[in-house]
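Read-outs throughout are calculated quantities, based only on the coordinates presented, and are distinct from any laboratory measurement. Given the structure is predicted, the values throughout are model-derived calculations rather than measurements. Ideal geometry is used to build each Cβ from the backbone, glycine not excepted, and the neighbour counts take in all protein chains shown.
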Amino acid sequence: MEFLYTVQAADLGERVDLLLSRRSGLSRSQVKRALETGQVDCNGRPLSKKQKLQEGDLLVLRRQEEVPFTLRPNPIPLEILYEDDCLAVVNKPKGMVVHPGAGREEDSLASALLARYGWEGLSDMGGPLRPGILHRLDRDTSGLLLVAKTNRAHQILAEQIRAHSFLRRYEAVLHGGIKGPHLVLENQIGRHPVERKKMAVVAQGGRTARTELWVQGRYGPYTYVKLELFTGRTHQIRVQTAQIGHPVCGDPLYGPKHPEKGLQGQCLHARTIGFLHPESGRYLEFTSDLPPYFTAFLQALTTRYGGIYE
């Protein structure tokens, strides 16, 4: 991929890696690797990370990733709630990974998007394994994802995500009875110090994570909640709810190892997204239905315990 940017007066004094990450949509680690490998030029010369920028400088980032395999298209059916020339809103089922990893090269959302739109019909700012991918959901989390078809749309929408103006609301069933109708969960999330496949709430060295939670219903030893993300950390909802003693039902990584009787999946669904259209500037909001396994579990809880709805 190639990204060009002309330095503005408002950018002066900002670290180069932070500036390029904010403007390009790449992570800081990706930009750092690009700087270290000489893939960033300033006015035609290689740029160092500590170089002081001047207004009007032309930055060119050329990033080439070494990947273990080539992404191949796979015509997996997708539920598209909305699409135009700039973007698409996809309702991802549980069990589908967003982008490929070891052993899952061709059954990802990225492969399905590639089969539907082709390389030329998707943004390439996420790299060769993430065409069009702006953000992600865990494999067993269902719900709405926003896909960028052009690099311009990708850059504008990624900026909304970074600025926390991108609306993301989830619904979940949690273990235990939550006290009160509303909670604000705010802490730092980092890699678990022992179990490397897990994330954890950490005292220092993590990234700030904020989630708001509203109780929707109570079913005996379970609570049905609505959540809004203000940041997008890996496993954020699963980690934060587990940390307060209320893990997501059906999540064997952060909750009980065996799922609740009759539950056929992780009860966490990305139900609503909202954003400003990158071309028209019009606010768009989309909501998806809860998947059948989720509603069946709620019905089973109602039958077993009755329900108190808030």
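See the values below:
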quantity	calculated
Point-to-point label distance, L81-D107, nm (Cα→Cβ direction, 7 Å offset)	2.6 nm
Mean Cβ count within 10 Å, highest first, over the residues of peptides 165-171, 262-268	262-268, 165-171
Ellipticity estimate at 222 nm from DSSP helix runs (n ≥ 4, -39,500 (n - 2.57)) divided over the chain, nearest 500	-6000 deg cm²/dmol
Estimated FRET transfer efficiency (E36, T208; beta-carbon r; R0 22 Å; 0.05)	0.25
Extension reserve of the K198-E279 stretch, reckoned as 0.36 nm per residue once the Cα distance is removed	25.3 nm
Cα lying deepest toward the dipole's positive end in the chain, options G281, L19, M199, charges on Cβ	M199
Assigned charges on the beta-carbon of Lys, Arg, Asp, Glu; the chain dipole about Cα centre (debye)	980 debye
Acute angle (nearest 10 degrees) that the helix 151-162 long axis makes with the longest principal axis of the chain, alpha-carbon atoms	50 degrees
Inter-part distance where the stretch 109-138 and the stretch 168-198 are each reduced to a Cα centre, Å	28 Å
The stretch 2-62, dipole about Cα centre (Lys/Arg Cβ +1, Asp/Glu Cβ -1), debye to the nearest 20	260 debye
Global size of the stretch 1-50 as Cα Rg and Dmax, reported in angstrom	10.1, 27
Virtual paramagnetic centre 7 Å along Cα→Cβ of Y305, amide N under 11 Å, in the stretch 164-182	173-178
Cα lying deepest toward the dipole's positive end in the stretch 30-159, options Q155, P77, V89, charges on Cβ	Q155
Degrees, to the nearest 10: 292-305 long Cα axis against longest axis of the chain	30 degrees
Cα gyration tensor shape of the stretch 171-310, rounded if a/c is under 1.5, else prolate or oblate by comparing a/b with b/c	oblate
Nearest-0.05 FRET efficiency for E2 and Q264, computed from C-beta distance (R0 51 Å)	0.70
Length released on extending from W119 to R62, taking residue separation times 0.36 nm less the Cα-Cα span	18.7 nm
(1) -0.44, -1.07; (2) -0.49, -1.02; (3) -0.51, -1.16, with the label sought being that of the calculated log10 I(q)/I(0) by the Debye sum over Cα atoms at q = 0.09, 0.14 Å⁻¹	(3)
Potential lengthening between V184 and H164 on full extension [0.36 nm per residue; Cα-Cα distance subtracted]	5.6 nm
